Each structure stands twice: as structure tokens, then as C-alpha cells.
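S.K.: Here's a structure for you.
Read-outs throughout are calculated quantities, based only on the coordinates presented, and are distinct from any laboratory measurement. All of these numbers come straight from a predicted model, not from anything done at the bench. Note that each Cβ is placed from the backbone with ideal geometry, even for glycine, and that neighbours are counted across all protein chains shown.
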Amino acid sequence: MANRVEQLAEGVTVYCGDCREIAGTIMGVDAVVSDPPYGMAWKTDSKRFTGGKRKAGDGVSTWGDIVADDVPFDPAQWLDYPEAILWGSNHYAERLPRGTTLVWAKKGTAAWGTFLSDAEIGWQSAGHGVYCKHVEFQGGLARKAENDGQCAAHPTQKPIALMEWCIGRLKGGQHILDPFMGSGTTGVAAVRLGRRFSGIEISPSYFDAACRRIADELRRPRLFAERPAAPVQEALFA
């Protein structure tokens, strides 16, 4: 059961709670697009990369633990949907059927082979090819154009452009579900592309960040694709 439910617009609803319990109650979903916990127990405190020269509060990200990242990720629940795209698939590839491999190249070519990973790997349920998207991006507190100039609100936040690319690859995907919503990047991308969106996030602080970011996107002027309508308060009496 959800601890909170926010309908941000008609066709855009987000839930705070455990996705394993909530997802089955959401009707009409035809695609899952998500960046789940990989099961790698990622240490989010980036002070360790500064050689002890910088401390918390000195512009260095000091996020808390990622919920459920300390246990192996099981994708089984998300394989029953008509389409799915899941990031971090190299960490649980043995539990996935054959599909398309997606590669996000996240550095400039001059930095390849240096500090941390050059790319991240995703899995798409249809096909069997390999497709790449180059979007230079840094998480943490960095301000980047790929995040509309905003500070990242989650330690593993993805670029909006990357999630737009993912949604654009779907054959259907008119109602997108992100069961590990984080700070709501998939929701922002879905709204930009005129898709319905349902998101689930277990952490109240990240849930609040997702609500804020998606609501901000809903208020932005839109030139082409039809944006989901704002929810209408129905009259209490006829």
C-alpha cells in the first residue's frame, strides 16, 4: 500500500511506497522504463574520491544509502510487461532473457579509460542489437545542461535526454511505469514526450524531489506534443 499518492496531472500519478506491492494495482501500463538498484552496494559518499581533502558540505555529495542496493536485484516482476527497459543490466544479466543491449556513453572521448566507468549498460526486452547514446553527464552536485541546469537530486540520477531516448525507442509506451522512480527523471522525460506516467519511489525525500521536478516540467511551455492535462476537481454536488 502506498504511503502517499500524488496525481500531478491527468495521466501523471506518483506513489510513495514499495513498488513490489504497488505496481500490480496500476492498470494500463504498457512499458516499464527504470534505473533500479543494481545490487552493488554503491557507496554514495563521494568524499572518498577527494583523497580526504574535502569534507561533507564542501560541495561534495554525501547521499544516504540506496534502498535495496545491498541485495541482488531480481528483475522478474518487470519482465511481464509488454515492453521494458532496465538500466544496470550487466549487474544481473544472468537473470534476464535475450534482448537489446543499450549503452550510455557518459564521458567525453578524451576521458575514456580514466576515472570510474566510461559507460552504463541497459537492457531492452525486444530485439537483439546493440545501440549507443552519448550524453556527457555527471551526477552528484554538478550542474549540467542535460539536467536543465539543475543540481542532481539523486546519487544515480540519469540525464533527461537519456530517458527521452529510451522512451523514444519503445514501439508502444503510451503509459510508462518507473517502479524505481528516484528523483523522477523518467517522469520528466515522459511528460516532455506527451506520455502517461506512473512512478513509484520508496524514499520520501526522493519522492518529494520527483514530485517537484515533474510538476515543474508540467508547467513548462510546450510547442508540439500534447502535455498531460492538469487534474480537475469534480463538483461535490450535481
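S.K.: Does anything in the range 154-185 have its amide N under 18 Å from the 7 Å Cα→Cβ label point of Trp112, and if so which residues?
M.R.: Answer for this model: none.
S.K.: With the crude spin-label approximation of a point 7 Å out along Cα→Cβ, what separation in nm comes out for Arg98 versus Gln7?
M.R.: Each label point lies 7 Å from its Cα, and together they span 4.4 nm.
S.K.: Right, something else. So how do 97-110, 171-184 stack up, highest first, on mean other-Cβ count within 10 Å?
M.R.: Values: 97-110: 15.1, 171-184: 23.3.
My ranking of the peptides, most packed first, is 171-184, 97-110.
S.K.: How would Ile85, Ile167, Ile160, Ile121 line up from fewest to most surrounding beta-carbon atoms within 10 angstrom? Numbers along the way, then the final one.
M.R.: Values: Ile85 28, Ile167 19, Ile160 24, Ile121 16.
Fewest-to-most Cβ neighbours within 10 Å comes out as Ile121, Ile167, Ile160, Ile85.
S.K.: Which residues in the range 1-31 place their backbone N less than 15 Å from a point set 7 Å from the Cα of Arg222 along the Cα-to-Cβ direction?
M.R.: 8-13, by backbone N distance to the label point.
S.K.: If packing is taken as the average count of other Cβ atoms within 10 Å, what order do 1-13, 203-215 fall into, highest mean first?
M.R.: Values: 1-13: 16.3, 203-215: 20.2.
For the peptides 1-13, 203-215, the packing ranking is 203-215, 1-13.
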